[in-house]
Structures are given as C-alpha cells and as structure tokens.
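Everything on this sheet refers to the single structure shown next.
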Amino acid sequence: MLAYLPRPPTDTSRYGTFPQKADLPATPGALAEDGRQQTSATTAKRSAPMPNYPSAPRRGGFVPGEPSLPPSRGSLATQHHRGRPSCCPPLAPQEGGARFYPLHALSVANIPNSARGRTSARSSTVPTPEGLQSRRCKLLEEDNPMVQAGKRQRQRYVTKVGKCQVNLGNIQDKKRFLSDIFTTIVDLKYRWFLFVFMMCYIITWVVFGTIYFFDAWVRGDVGHQDDPEWRACIENVDGFISALLLSVESQRTIGYGTRMVTANCAEGVILLMAQSIIGSMIDAMMVGCMFVKISRPKKRAQTLIFSKNCVISRRDEKLCLMFRVGDLRESHMVDAKIRAKLIKSRQTAEGEFIPLEQSELNLGYDTGEDRLFLVEPQIICHVINRHSPFWDMSAESLRREQFEIIIILEGIVEATGNCRLAAGMTCQARTSYTEDEILWGYRFEPCMSLEKGAFHVDYSRFEMTFEVQTPAASAKELHELRELEQQEHSTLSLYWDHLLQPCVLPGP
C-alpha cells in the first residue's frame, strides 16, 4: 500500500526566476543603522544571502542554503556509469543576470522545534565550504530518483505473469466455501487436490470395510469359516483385511469371486447398494474435478504473451501509449477482447484518500479496436487525449508518478477435434506495467516478414524496441501548442488576404 502513496515533487516546476533588485542609494538613516550594527553583522555577511536581499547576481553554481535542481535522466545515467556523480561543481564567477530561487523561498521556512531554540551565536556559525559541498552532494544523491527507486520496495498489484498480489484475510463466514464445494476443490493446488482425490476413495473403502467386518463379526461369519453347514451373510471374510478387500472390489466393480455378499441377510444387500451409489457419486465428482482442473482455460493463458515494456511515441500526430500482445499457439482465441485498468492512489478534494483506485484506459472500445483477431502479434494503442489520465503527463513528470497499468486479455478457447468440452470456456490472461517499465520515445520493431508465400513471425524480435524522435512535453501541452500555431496561421492568412484585396476606388 505504501508503494502507491504520492511522491514529493522533485521537478524544476517549483523553481522560478527572480530578477535581482537594483542597488538603491543609501540614506542617512540607513547609514546610521549600519554603523550601530556593524559589529553584530560581521558574521552575518558571510552567511548565505536570503532570496529577498539584494546581492550580486551569479550565473551557475550553487548558493549555500538553497536546494539545487535535480539532474536529468541522461546525466544520471552517464554519471552512474562513470562512478560517483560530480554533483558539486565549483562556484562560477559573479556575472550579471538573474538568479534562480525556489518559489517557497519567500515564505516562512518550516524550522524544527529543536532548531528554533538555538542561540543567535550558534545560528550565525558558518560551516566550511568543504562541509557544505559534502552535505549538498549527499542530499543530491538521496534525492536521486534512481537511488530512491532502489531503496523503496515496490509491491505490484498484479505480477507480470498475471497473478493478483491480494491476500484475503479475516473471513468470518467460511461455510460459503462449502456451499460451492466443486469450485473449492478445483481451486485447490495440485498437491492438495491429489490429497483430497485419494482420501475420498480411501475413506469410503475403510468405512465400508469396517461396516462389512462388524456385520460379519456380529453374525458369527468370522468364526465359522470352515463350517460347511453355516449359512454366512458375507462369505470368506475372516478379518478386517479381507473385509477391506471386499469393500474395494465392490466399489470398483472388480469382483474376484472369492468374497461376496450373499442373500442370507438383508442388511448386506442394503450395504452393498449404498456403497455402489456413494461410489458412483464420488467418481462423478472427482473425475469431473480432475478433468476441469487439467483442461482449465487458465493454462491456455500461459501461451498468451505480452511485451515486457510499454512505449510512448507519436502515431498519426497523436501521443500514444502502446504495448504488444501475441499468441504462441496455432489454435486461435475466439472473440478476443482486451482492456486496461489504471491502478493509482489519489486524494479527493474533501481530503479522502482512495488507495488503489481503478480507472479505465480506452483501447478503442468506441471504435471496436479492442476486439482482436489474434493471429499475429499486434500492437495495442491507447491514444492520450483529453479523457486519458496521461493527458497532462510529460516525460519528466512520468519519473515522479507511481501507478500500475493492468492489461486483461479475454477470449474463448477454440474447440478442437480432441477436446469438444473445451468449447465455450473463457480464458483470461493478465499482466501489468509500472511507471518504470514505460519507455518514452520508443517504438516496437516489426517482427513479421513474408517468406515462401506465407507470413513469418519472428518471436525473437517480440520485445525489441528502437528510439524515435518524440517531444518530451505532455499531450496537453502539444495540443495547446498546435492550437496556438493554427490561430497564428489563420490570423496571418486573414492579414495577407486583406493585403491582397484590390483597392476599390470610390465612384463619381
């Protein structure tokens, strides 16, 4: 649950450019005030200047006591490859220009309670430049998104193979599972399913074998095995083992002929009828559960594959989120449909926190593009428009977001000649993509070619992508820029049309 909490913003949007104030002529009152406070302000001049104090502007470098801009992704990768990032360049010489200050610099700082009680002499103590540089390097390394991603433990909602990472607990009404005993047995793992399968037969054999032995012992058939004049109810049962063999032979209709129930007692016949009926019910249930578990459509989903990463690039002058799906079998899915869900936590305007909120991603539901003829690998496209949750998300803001995209592919298992009962069974395959698995500015490489009069699919190129030129701005910014260009173009066209109109002279 903590993996979906919103992150603190680390982008450059909270940094603004504040022009430096011009130096004003000093008044006599100000000179007198400076003379009275000259001694106490000697150390204060060496400390870091406040954002609203006039000072000599400087281009580049770091200002003591101010946060610095986070490095870009490309620079992080280069610095990580070379070793420790050189995040502390030397201070640049003072030049004319503007300085960069955080937007919250003009507000009251959030000072801890322990720091507020310090004396003025201690607060005026200025650390050495080497200490400032080392502290700043440490803070920048901790603010590095790559370091943060390595430190935090991300819990996925759905794994890459489609398993939901949700554990149900504190269920009070357990009898609901017994009311649907067939589904409960089918949902068991194979080791427990085989255990239940065997115990159903073994328990019935032992129970009816015990009843056979008790009946033979009460009637005296056990003690009169060698008496030819004795009319036995159950013949050739001289102990519990022989009674257990009679139970197995009766239920499995083996019938070796040495042990049997005779017509000398009515309870023996009734017991044999009851065991036959119960044995048939167990056969129907256990064999049905075994067949359903083996031919379950869940196993068909193992041959439906998804690309490891999502890509974001332009298609038909629109920013799109794309991923690839494929089917490894020659027996195709019937009426395959695909849909996507965005899992993201958010806080409402009233302050309510909604964990793992699900929102729909349009994959062409209104145009029918979500219905697939999944014969070859296909690239599924989500157009980022006004109704998309990625409308105002840029390449830079994507690094700070934390969400998960759930892909669900559903279809009917195609009927084959050897398995008619599998027809009409719905199969569902799932996977997920986190924000770290989305590549901005990439496309999928083609994996189909024409060979010997047929189309050949090379699944070794299924995961391959290549980089393309893609703007790092969000779809909203691109749309606003396009509208602005269209307005300028229309204004310019009207201006030229007005200039090219022939001058009409007034009449006499």
Exercise. Restricting attention to the stretch 283-314, which residues are basic (Lys, Arg) and exposed (fewer than 14 other Cβ atoms within 10 Å of the Cβ)?
Worked result: LYS298, LYS299
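Rundown of residues vs (1) surrounded by 11 or more Cβ atoms within 10 Å (Cβ to Cβ); (2) free of Cβ contacts under 8 Å to residues at least 12 places away in the same chain; (3) not small (Gly, Ala, Ser), yes/no style:
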| site | (1), (2), (3) |
| --- | --- |
| GLY162 | yes, no, no |
| GLN165 | no, yes, yes |
| LEU168 | no, yes, yes |
| ILE171 | no, yes, yes |
| ARG176 | no, yes, yes |
| THR184 | yes, yes, yes |
| TRP205 | yes, no, yes |
Exercise. If you check every pair at least six apart or on different chains, which have Cβ atoms under 8 Å apart with a residue in the stretch 240-260 that is part of a helix (DSSP H, G or I) first and a residue that is among the charged types (D, E, K, R) second?
Worked result: SER242/ARG259; LEU245/ARG259; LEU246/ARG259; GLU249/ARG259
Exercise. Out of (1) surrounded by 12 or more Cβ atoms within 10 Å (Cβ to Cβ); (2) outside any loop (DSSP other than H, G, I, E, B); (3) not hydrophobic (A, V, I, L, M, F, W, C), the odd one out for ARG191 is which?
Worked result: (1)
Exercise. Hey, any hits in the stretch 303-323 for a residue that's assigned to a helix (DSSP H, G or I) and out of contact with any strand residue (DSSP E or B) (no Cβ under 7 Å at 6 or more places or on another chain)?
Worked result: no
Problem set entry | Hits in the stretch 386-397 - residues which are part of a loop (DSSP other than H, G, I, E, B) and open to solvent by less than 60 Å² (accessible area, probe 1.4 Å) | SER388, PRO389, PHE390, TRP391, MET393, SER394
For this session: Could you look through the stretch 246-282, keep only residues that are of a type in the set (S, T, N, Q) and open to solvent by less than 60 Å² (accessible area, probe 1.4 Å), and pick out the one that is farthest from LEU194 (Cα to Cα)?
Result: THR262
Exercise. Any residue in the stretch 359-373 that is crowded, with 17+ Cβ neighbours inside 10 Å, in contact with a Cys (Cβ under 8 Å, 6 or more places away or on another chain) and touching a residue at least 12 places away in the same chain (Cβ under 8 Å)?
Worked result: yes
For this session: Please go through the stretch 208-222 and pick out each residue that is open to solvent by 70 Å² or more (accessible area, probe 1.4 Å) and either without any contact (Cβ under 8 Å) to a residue 12 or more places away in the chain or assigned to a loop (DSSP other than H, G, I, E, B) (or both).
Result: PHE214, TRP217, VAL218
Problem set entry | Answer from ILE354, ILE312, ILE343, ILE380 - the residue that is free of Cβ contacts under 8 Å to residues at least 12 places away in the same chain and either touching a Gly at 6+ places or on another chain (Cβ under 7 Å) or among the β-branched types (Val, Ile, Thr) (or both) | ILE354
Problem set entry | Candidate set: the stretch 226-245, residues that are surrounded by fewer than 14 Cβ atoms within 10 Å (Cβ to Cβ) and not small (Gly, Ala, Ser); chosen: the one nearest to VAL269 (Cα to Cα) | ARG231
Exercise. LYS344 versus (1) charged (D, E, K, R); (2) closer than 24 Å to PRO297 by Cβ; (3) not in a loop (DSSP other than H, G, I, E, B): which is the lone unmet condition?
Worked result: (2)
Exercise. Do we find a residue being open to solvent by less than 80 Å² (accessible area, probe 1.4 Å), assigned by the TED database to the domain that holds ILE379, of a type in the set (S, T, N, Q) and modelled with pLDDT of 75 or more anywhere in the stretch 421-428?
Worked result: yes
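The values are calculated or read from the model by the stated rules, or taken from the named source; none is laboratory data. What you see is a predicted model; the values in this text were computed from it and never measured. No Cβ is skipped: glycine too gets one built from the backbone with ideal geometry, and neighbour counts run over all protein chains shown. To get the accessible areas, we keep the full protein, side chains included, count just its heavy atoms, and leave off ligands, DNA and RNA. Shrake-Rupley method; radii C 1.70, N 1.55, O 1.52, S 1.80 Å.
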